[in-house]
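The next block holds one structure in the form of structure tokens; read it before the comments.
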Amino acid sequence: MAAIATPAGRGGVGVIRISGPRALRVLEGISASNREMQPRVAQLSSWLDEAGDLLDQGLSLYFPGPNSYTGEDVVELQGHGGPVLLRALLDRVFQLGCRAAEPGEFTRRAVENGKIDLSQAEAVAACIDAATVRAGKQAQRQLQGAFGQYIDELMHTLTSLVAHVEASLDFPEEEIPALFFDQLASRMQNEVIQPVDNLLATAQLGERLFDGATVAIVGAPNVGKSSLLNMLSGRDRAIVSDIPGTTRDVLEIDFEVHGIPVRLVDTAGLRQSDDVIEQEGVRRAHQAAHQADVTIFMADASRSDTWTPSVHADVSLMNKIDLEHGDIPEHFLSLCAKTGQGLELLRDRLASQLGDINLADEGLLVTRERHRVILLDANNHLKAGLLSLGDEDKLELTAMEWRRAWALLGSILGIGDVEHILDHVFSEFCIGK
């Protein structure tokens, strides 16, 4: 199989990746030189078309299996990044017997050949999709196998606990002391269930690091919503004026809070209006507030009539505190959008609302919905087995529940009959990876 492994469009370098038992033979078929390729040594090459005319020049690399990314023989052609040349070179590779790779097929073969586990394969896609440095670092931890190793250790402990239960089933005539079950229950709670609970507690932050979150700013006209959007984005994205109703539609910008990708939504001022267009803007503002992960209600310190929210608010923000004002209710954060006073406090509050944790304490996070759903399901089976552990007549039920949990944890790593899971995971990959 073969595919272009660099992004579409023009670039300085374009890479074609070939994997399979005939990879080296294909390279020999397009190369002008008869020199023998040395493994993992870049060699300057000229690549020819069917008529023997020069297609391109660049570096050829050969990685013999199993010491390659896919576990098979792999060849990389690193040439010029012009789309026409790359496509012509790929067509020539196809003429020599290669087929087009499916999305994610290189990484899928790495999983199937035991080079990486399924959680590491998903981390490959996460590294590509990471929108912030913090997300990229988390993806790298998982790519290096830290998450998979942690799950593997949980499965190893669970195997030991299931073995103890199975041993009790094998000798039903023996009287089993209550202390034995108490020790098993304690180990299960402390060494498996609690670690899974701790992982699940990171899911909100972990998934938002990659999926992002939406934050909507709502409030009366002229309280400074557009000014706040401009300040957070670092550019004049929204028109700011003293005329009420300037913002009539939903305006969105992307930025990040503590490494969490955020889509910030500026909305029309909430008020009664006879203007049909403004009415639609107000309706969309209510809709944006309802759909957002976090809603900021913004008020004007100098206008007490703007202090009462007409929508549910996760964060209450009092702007224009540089102007003369009365006593501000304690639940408001104070801000001056013109000077930036209070902006960092707002960022911290937003991060907290989005599930952030202290960077110094950040370890492994659950970053994918698939992992979260599996862990929740496994935990339910673990706890169900724990409930029946003390009853000798129900020990078989305990063993069954814990075996189901083991199989679920294994599906995170790609262990067991998970062909349908592989199909789903790798359908999200780009071609060439």
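The values are calculated or read from the model by the stated rules, or taken from the named source; none is laboratory data. Every value quoted in this text rests on a predicted model; they were computed, and no experiment measured them. Please note: Cβ atoms are built from the backbone with ideal geometry, for glycine as well, and neighbour counts cover all protein chains shown.
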For this session: Select from segment 142-160 the residues that are over 17 Å from L375 (Cα atoms) and modelled with pLDDT of 90 or more and write down the one among them that is surrounded by the most Cβ atoms within 10 Å (Cβ to Cβ).
Result: L143
For this session: Might you check whether a residue that is at pLDDT below 90 and either within 19 Å of the chain's Cα centre (by Cα) or not aliphatic (A, V, I, L, M) (or both) occurs anywhere in segment 373-388?
Result: yes
For this session: Filter segment 288-308 down to residues that are in a loop (DSSP other than H, G, I, E, B) and either of a type in the set (F, W, Y) or without any contact (Cβ under 8 Å) to a residue 60 or more places away in the chain (or both), then give me how many there are.
Result: 4
Problem set entry | segment 196-229, residues that are in a helix (DSSP H, G or I) and surrounded by fewer than 19 Cβ atoms within 10 Å (Cβ to Cβ) | D197, N198, L200, Q204, D211
Exercise. Among the residues of segment 10-24, which ones are in contact with a helix residue (DSSP H, G or I) (Cβ under 7 Å, 6 or more places away or on another chain) and under 11 Å from L86 (Cβ atoms)?
Worked result: R10, G14, I16
Exercise. Does L364 qualify as being closer than 28 Å to V162 by Cα, surrounded by fewer than 19 Cβ atoms within 10 Å (Cβ to Cβ), out of contact with any Cys (no Cβ under 7 Å at 6 or more places or on another chain) and at pLDDT below 90?
Worked result: yes
For this session: Please state which one of G410, G416 is modelled with pLDDT under 90 and of a type outside the set (K, R).
Result: G416
For this session: Answer yes or no: is there a residue in segment 102-110 that is basic (K, R) and touching a Ser or Thr at 6+ places or on another chain (Cβ under 7 Å).
Result: yes
Seminar exercise, completed: Of the residues in segment 124-141 that are among the β-branched types (V, I, T) and surrounded by fewer than 20 Cβ atoms within 10 Å (Cβ to Cβ), the one that is modelled with the lowest pLDDT is I128
Exercise. Looking at this structure, is L345 of a type in the set (A, V, I, L, M, F, W, C), at pLDDT 85 or above and within 30 Å of M188 (Cβ to Cβ)?
Worked result: no
For this session: Select, from A238, A288, the only residue that is of a type in the set (G, A, S), over 27 Å from A135 (Cα atoms) and at pLDDT below 90.
Result: A238
